[in-house]
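All of the numbers you see were taken from the coordinates with simple rules; none came from a lab. What you see is a predicted model; the values in this text were computed from it and never measured. Cβ placement follows ideal geometry from the backbone for every residue including glycine, while neighbour counts extend to all protein chains displayed.
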Amino acid sequence: MKDNKLANHVIAAEGRLPWYRSDGQNCDCYIVGIAGGSASGKTSVAQRIIKNLNVPWVVLLSMDSFYKDLTPEEVEIAHRNDWDFDSPNSYDYDLLLETITKLKQGRTVDVPIYDFETHKRVPNKHNTVYGANVIIFEGIFGLYDKKVLEMMDLKVFVDTDTDICLARRIKRDVAERGFDVAGVLKLYQRFVKPSYDNYVYPTKRNADVVIPRGLENLVAIDLLTKHIQRQLQERKMQSRWDMARMSAPEELPSNVIVLEKTKQLMGMHTIIRDINTSRHDFIFYADRLATLVIERALDELPYEARTVQTPTSQTVHGLGQKVNVGGVSILRAGGTMEIGLRRVIRDAVIGKILIQTDPSNGEPQLHYCKLPPSLREDNTYIFLMDAVIGTGAAGLMAIRVLLDHDVPEDRIIFLSFLAGPHGLHTIARAFPRVKIVTSYIDSVLNAHTLFLEPGLGNFGDRYFGTENE
Ligand SMILES: Nc1ncnc2c1ncn2[C@@H]1O[C@H](COP(=O)(O)OP(=O)(O)O)[C@@H](O)[C@H]1O
Ligand SMILES: Nc1ccn([C@@H]2O[C@H](COP(=O)(O)O)[C@@H](O)[C@H]2O)c(=O)n1
């Protein structure tokens, strides 16, 4: 990766609109491949397109990240400038293909960080990339491999005079990559120029667009930017209103579990629905209710036989939970379940997904996502928490985020205080293997406010005391 190092969690200045259809399946992201000689201006062109696009969720992926790791003996050869880095064989194509395939499908990937001075990947470090709507992939062999080419939506070749490339490369490699001038010239004559003539330049015929002179060619870059913008516009989704308009049969989907309407549950619901309930009481009863929902969800986990000895030396054949449980709150309202979760599972690791509604169109937007690695381990079930499932739009987005991070569908249990048939059917249609546990069903979804009725107001505001902000 050049210049676009993302941290282990993703933070966006602007939220990401839905990148999947209402059936929950991802739409492929748009991939632009840029090839050309070394120092022809591939990265500079890519960066200019990104700047011109001026949209969030664009990722620059450099083929340099996929150079094979050299053995100590090979590193010695490379330090004498006798190693050929300009052969197609010097790249780890398996990892490259796996990475582009996953990114195209909208999934998360760990991209190696390559060090040109040591000729190796930086150990135990990578850039986590998630949530690309557009990927710009650049490299000298960017348009070379057939399988990589098949994944590109737009193929670009930067055609810059080789003398200019050499001059730039000398300047760059001495300043940034730890070479001396003699070393750059030796590599250039022996490997870089022959490889350009034999392999790289012929890939120009695979390009849809050729940019003569690279970065200087502002007209070509402008046309490319406009083309990509048009493609993004066509892919824009409108999910929340579509969902609200979808039919919702009265019978709840089979993967939904609603708490039994006991007198104590009805009593708690009466208190938290009451507009006159103080914040203090609201929090107290919300926490109690969360505990009940979580206790019920625990019953959906796999258990195994366990035998123990009692203090009276008796043997008891009991049960033990077979799996770990982690929580993920859909912020902000899902954070109201965290106290309940911790009361039941003291050491639960909790991840966060911040989804906010765009006030201009009511669409959900993903703003932040932090999923600690332990939540993605094989033996872990996720309790995904939100206060209310209304249209299902936020829940659908959050489940999609978990799936993109390789959490299997049948290990997600979605918990809420309140839910409506619309949202439950939307989620069940898209993700039938996700179980949903809720404490109560409100059947009416107000077509104007998209709030459930009779409802309980804005749960997050009442819990966190922000009603008047
Ligand atoms: N049009 C240009 N004029 C001057 N310098 C340029 C131009 N385009 C690129 N450079 C410089 O040349 C070097 C190589 O450019 P870069 O975009 O990294 O090429 P590539 O990715 O093809 O190797 C960089 O130092 C860059 O700043
Ligand atoms: N350890 C390495 C690996 C590669 N190179 C040279 O980098 C060039 C490709 O990178 P660009 O950014 O210029 O596209 C390629 O020509 C290799 O010779 C290197 O010097 N050392």
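Observations, loosely collected:
- Estimated inter-spin distance, D299 and E216, nm [label 7 Å along Cα→Cβ]: 7.5
- Calculated FRET value between D197 and V55, using beta carbons and R₀ = 35 Å, to 0.05: 0.40
- Spin-label model, L97 to H317: label points 7 Å out along the Cα-to-beta-carbon direction sit 5.1 nm apart.
- Here r is the Cβ-Cβ distance between S247 and E377 and R0 is 25 Å; the resulting FRET efficiency, rounded to 0.05, is 0.05.
- Diffusion coefficient, µm² s⁻¹, Stokes-Einstein with Kirkwood Rh over alpha-carbon pairs of the chain at 4 °C and 1.567 mPa s: 52
- Where the Cα pairs of segment 65-155 fall when distances are cut into 10 Å bins, in %: 15, 45, 31, 10, 0
- Calculated on the alpha-carbon coordinates, the convex hull of segment 10-235 measures out at 127 cubic angstrom per residue.
- In plain terms, the C-alpha convex hull of segment 240-464 casts an average shadow of 13.9 nm² when viewed from every direction.
- When the alpha carbon gyration tensor of segment 137-282 is reduced to an equivalent ellipsoid, the three semi-axes, largest first, read 62, 22, 17 Å.
- Normalised convex hull volume, segment 360-469, alpha-carbon set, Å³ per residue: 127
- Here each label is just a point 7 Å from Cα along the line to Cβ, and for F284 and D161 those points are 8.2 nm apart.
- Extension gain for the segment V444 to N458, taken as residue separation times 0.36 nm less the Cα-Cα distance, is 3.5 nm to one decimal.
- About its Cα centre, segment 240-464 has a charge dipole of approximately 360 debye under the convention of +1 per Lys or Arg Cβ and -1 per Asp or Glu Cβ, with nothing else charged.
- Out-of-range pairs (alpha-carbon distance over 26 Å; input K104/K352; K226/K352; K125/K226; K147/K171; K42/K147): K226/K352; K125/K226; K147/K171
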